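What follows is one structure encoded as structure tokens, with my remarks underneath.
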Amino acid sequence: MIRRAALAALTTALLALPLAATAPAPAQAQAQAAPAAPSSTAAGTLTYVKGHNVWVARADGTQARQVTTGGTAATPWRSPTSSDDGHIVAGRGNLVYRMDQWGTVLGVLDPPDIPSSAGELLGGPPAHLAVSPDGTKIAYTYEKYSCPVNLACRIRYVTAFTSSTSVTPPGTWGVVYHDNPSWITDSRVAVNADLIDNINLFDLGRGSTHWFDEDDYTTDDQPIFDFEVSRTAPYAAVIRSTGDDAHVMFYRVSGNYRTGGRPPIPETFCATTPQLGTATPTLSADGERGAWAEPDGIWMMLLGPTAPCTVQPTRVIPGGSAPSYSPAALQAVRPTYAFTVVRAPRVTGTAKAGRRLKATAPVLAPAAAGLRYQWLRDDRPIARATGTGYKVTKKDRGHRIRVRVTGTRAGFRTKTVVSAAVRVRR
């Protein structure tokens, strides 16, 4: 039977699993040794939100640095996720940003509104984002509570997929009316099924395959969501139940869950202590670490074969939320990028003494944050001619006039482009 409300406790079978306490009572805290911090030799990175901005750190939470600025409670950054090469995708407002680990914005997308399963358009800020391992695609989800005529009142979801560099029409790879997409390969995602206690696979351009639900391994079926599979290790994690009973459940997965048909039912092997506000579990690429958010920050525990749930979790990032692992290394040197010249500047107007010429700005990709102009006479700078317009003088007669424009933007190498010349009448 499918249940739509949280239940009070784990089943007898699930209670037998190791429980990792994240908030022991004071007496317990005094009796126990201090939790062991995850090793600082962890590979990969952890991307997350803190203070309404995106941050990135090493996989164990050390060497953290702020990636974005300007996030507020009214306009927060949300749902950060990173590709295997370290490019970060995050949302702010209705837009989806692609950037590097230093906050250099490499592209901005404005995905279209999409009809829900009830036919109503869903749009606005994406509720969930996920970038594919190779960084070429982005999954995005809209959600809305509504009461369509003759249909049940509930939250409805729609997930679609786009190229990470330009908006792809939703029908290209198909849409799925589920949420919390997480990539397993570059063409397969796991999503929450609409019945909330089961997980489906969705293959881009091909459709959905049911994987499993709580009924497959317990009679005490509860909501499960935010499912994620480790990039290279046979582990998965999910949020199980809601409210005060919400906790992270860890699984061992088997079979060809990356490219095959319906895989075998995962085997549960570990669970965290129930805690209100537990959310967004994520797994390191090698499966050695699991991380998740609680109201007081991001918690982490070791999951590898040498310590599967035997080491107490540690709060590694106070105040953090929405963690997401990537196998990408934390960059030590900020990279610089080159502009692409889409269109060179142009000079318009009549090239005659006493008349005014105007410079049409170049088109650079991405757009320059600043442009500097310098007018040239026979390729030599004209004194004090640094605006977007230039008044032709008698000294220009018989000479060639052109404009040189220099584009600048943080993280990009300065780019200078020069227009074609116009000759001034004698």
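The values are calculated or read from the model by the stated rules, or taken from the named source; none is laboratory data. Note that the structure is a prediction, hence the values are computed from the model and not measured. Neighbour counts are summed over all protein chains in view; Cβ atoms, including those assigned to glycine, are modelled from backbone coordinates with ideal geometry.
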Problem set entry | Close pairs (8 angstrom Cβ cut-off, 6 or more residues apart or separate chains): not assigned by the TED database to the domain that holds residue 354 in the stretch 386-410, of a type outside the set (A, V, I, L, M) anywhere | none
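Here is a yes/no grid of residues against (1) over 23 Å from the mean Cα position of the chain (by Cα); (2) within 23 Å of residue 132 (Cα to Cα); (3) among the hydroxyl-bearing types (Ser, Thr, Tyr):
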position: 228; (1), (2), (3): no, yes, no
position: 252; (1), (2), (3): yes, yes, no
position: 271; (1), (2), (3): yes, no, no
position: 281; (1), (2), (3): no, yes, no
Exercise. If you take just the strands (runs of 3 or more DSSP E) that sit entirely in the stretch 36-114, which of them hold at least 3 residues that are in contact with a Ser or Thr (Cβ under 9 Å, 6 or more places away or on another chain) and buried (at least 20 other Cβ atoms within 10 Å of the Cβ)?
Worked result: 45-50, 53-58, 77-82, 88-92, 95-99
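Each row is one residue, and each column tells you yes or no for (1) within 16 Å of residue 189 (Cα to Cα); (2) assigned by the TED database to the domain that holds residue 280; (3) of a type outside the set (S, T, N, Q); (4) out of contact with any helix residue (DSSP H, G or I) (no Cβ under 9 Å at 6 or more places or on another chain).
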site	(1), (2), (3), (4)
117	no, yes, no, yes
123	no, yes, yes, yes
129	yes, yes, yes, yes
133	yes, yes, yes, yes
143	no, yes, yes, yes
147	no, yes, yes, yes
152	no, yes, yes, yes
161	yes, yes, yes, yes
169	no, yes, yes, yes
Exercise. Just checking, which of 100, 85 is out of contact with any strand residue (DSSP E or B) (no Cβ under 8 Å at 6 or more places or on another chain), in contact (Cβ under 8 Å) with a residue 40 or more places away in the chain and closer than 29 Å to residue 303 by Cβ?
Worked result: 85
Exercise. Going through the stretch 237-254 one residue at a time, which ones are of a type in the set (A, V, I, L, M) and either outside the structural domain of residue 303 (by the TED database) or assigned to a loop (DSSP other than H, G, I, E, B) (or both)?
Worked result: 246, 253
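One line per residue, one yes/no per condition, for (1) farther than 21 Å from residue 240 by Cβ; (2) not assigned by the TED database to the domain that holds residue 60:
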{"position": "296", "(1), (2)": "no, no"}
{"position": "299", "(1), (2)": "no, no"}
{"position": "303", "(1), (2)": "no, no"}
{"position": "312", "(1), (2)": "no, no"}
{"position": "316", "(1), (2)": "yes, no"}
{"position": "322", "(1), (2)": "no, no"}
{"position": "345", "(1), (2)": "yes, yes"}
{"position": "348", "(1), (2)": "yes, yes"}
{"position": "351", "(1), (2)": "yes, yes"}
Exercise. What number of residues within the stretch 137-164 are at pLDDT 95 or above, in a loop (DSSP other than H, G, I, E, B) and of a type outside the set (Gly, Ala, Ser)?
Worked result: 0
Exercise. If you check residue 164 against the conditions, is it touching an Asp or Glu at 6+ places or on another chain (Cβ under 7 Å) and either surrounded by 14 or more Cβ atoms within 10 Å (Cβ to Cβ) or of a type outside the set (Val, Ile, Thr) (or both)?
Worked result: no
Problem set entry | From 401, 382, residue being at pLDDT 95 or above, on the phi < 0 side of the Ramachandran plot and in contact with a helix residue (DSSP H, G or I) (Cβ under 9 Å, 6 or more places away or on another chain) | 382
For this session: Confirm whether residue 185 is within 26 Å of residue 285 (Cβ to Cβ), buried (at least 16 other Cβ atoms within 10 Å of the Cβ), in the same structural domain as residue 238 (by the TED database) and in contact (Cβ under 8 Å) with a residue 12 or more places away in the chain.
Result: yes
Exercise. Restricting attention to the stretch 192-246, which residues are farther than 20 Å from residue 278 by Cβ and of a type in the set (A, V, I, L, M, F, W, C)?
Worked result: 193, 195, 201, 202, 204, 211, 212, 233
Problem set entry | Evaluation of residue 185 against (1) in a strand (DSSP E or B); (2) closer than 28 Å to residue 232 by Cβ (one fails), failing number | (1)
For this session: Can you run down the residue pairs with Cβ atoms below 9 Å, 6 or more apart or on separate chains, where the first is in the stretch 118-136 and more than 26 Å from residue 281 (Cβ to Cβ) and in a loop (DSSP other than H, G, I, E, B) and the partner is of a type in the set (Ser, Thr, Tyr) and modelled with pLDDT under 95?
Result: 118/146; 120/146
